[in-house]
Every structure is written in structure tokens, then in C-alpha cells.
């Protein structure tokens with residue numbers, strides 16, 4: 001058996017995840033939850049996008065069912081199973097790549113925003129439905145669940161008393 005495609009695929013996923021992690025670590029200032037959610041989300045997105053290339057290479061044919069093999073040549077990985085509601089491998093592959101990259105980018109840039117974790121969970125479910133694999137969307141949902149524990153960044157205003165926004169005294173120094 002030729003292990004070259006497996007090694008190249010997994011090496012590419014780890015390299016892109018490491019690059020994303022390096023970029024994120026420079027932006028984060030000590031928040032472990034943001035770091036973990038971002039790293040898992042980037043890994044999920046890049047892994048989901050890797051399914052898309054295998055689907056595109058299968059050509060302009062209709063899948064035989066809703067569960068497909070993204071890379072049928074990779075028998076060691078059971079063909080990298082995926083799920084799609086799109087009746088064409090090329091279109092499925094394009095959507096898998098687009099949704100995977102969107103998950104990775106959102107994990108890197110948007111997870112700490114208000115409702116960022118919920119958006120990541122929704123993007124991961126979309127990635128599941130368009131051929132981004134079976135395991136990467138689960139990892140993306142786990143990243144989103146971790147992301148729900150992140151306090152959204154924003155200004156340092158707190159509600160005091162009658163519902164008006166006032167700066168807290170310790171925030172003004």
C-alpha cells in the first residue's frame with residue numbers, strides 16, 4: 001500500500017493548523033478558552049476542506065447516497081467518509097472547501113465575538129451537510145461549545161442602577 005497520499009494529507013492538515021495556531025497565539029493575550037476553541041476550529045475547518053479536494057477529483061458524477069467517500073483511494077482511512085445533500089461530487093467538493101475554510105477563518109477571527117460560538121456551531125453543521133466529512137464537523141461543534149464559555153470582547157461598560165450605561169469607576173483610571 002502506498003502511504004504517500006495519507007502522509008501528505010495529514011501533514012498538510014497539521015502544517016496549516018500549526019500556522020493558524022502560531023498566528024492566533026500572537027493575537028491572544030492569555031485566554032486559554034479562546035486558544036483551544038480557535039485551534040480546534042481551525043483544525044476542523046482545514047480537515048473539512050481537505051475532504052473537498054477528494055470529492056472534486058471524483059468528477060462530475062452523482063453520489064450513490066447521502067453518505068459518501070471523499071477519498072476512496074485512502075482505504076486506510078475508510079475513504080474518509082462524508083455526508084452531502086448535494087447531488088454532484090464537484091459541487092459538493094467546492095462547497096466543502098468553501099465551508100471548511102469559512103470554519104477555519106471564523107475560528108481564528110470571530111470565535112470571541114458575541115454569538116461567535118453559535119455561528120461556529122452553525123458553520124460546522126453546514127460543513128457536515130456539504131461534504132466536509134463526519135469527524136471535522138463534530139470537532140467544530142466541540143470548539144463552538146468551548147467557545148460558549150468565552151466572554152465576548154467589547155467595551156468596559158457595565159449596567160449600573162437604572163439601566164443606563166455608565167463607566168465603572170475602576171475602569172476609568
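Points worth noting:
- Annotation: peptides 88-95, 68-75, 131-138, ranked by per-residue average of other Cβ atoms within 10 Å with the highest first, follow the order 131-138, 88-95, 68-75.
- Peptides 39-45, 117-123 ranked from most to least packed give 39-45, 117-123, packing being the mean of other C-beta atoms within 10 angstrom over each peptide's residues.
- Modelled FRET efficiency - R0 35 Å, residue 105 with residue 77, Cβ distances, 0.05 increments: 0.90
- Between residue 23 and residue 61, the simple spin-label model (points 7 angstrom out along Cα→Cβ) gives 3.6 nm.
Coordinate-derived values only; no laboratory data. This structure is a prediction, so every number in the text was calculated from the model and none was measured. Counting neighbours? That spans all protein chains shown, and the Cβs are built from the backbone with ideal geometry, glycine included.
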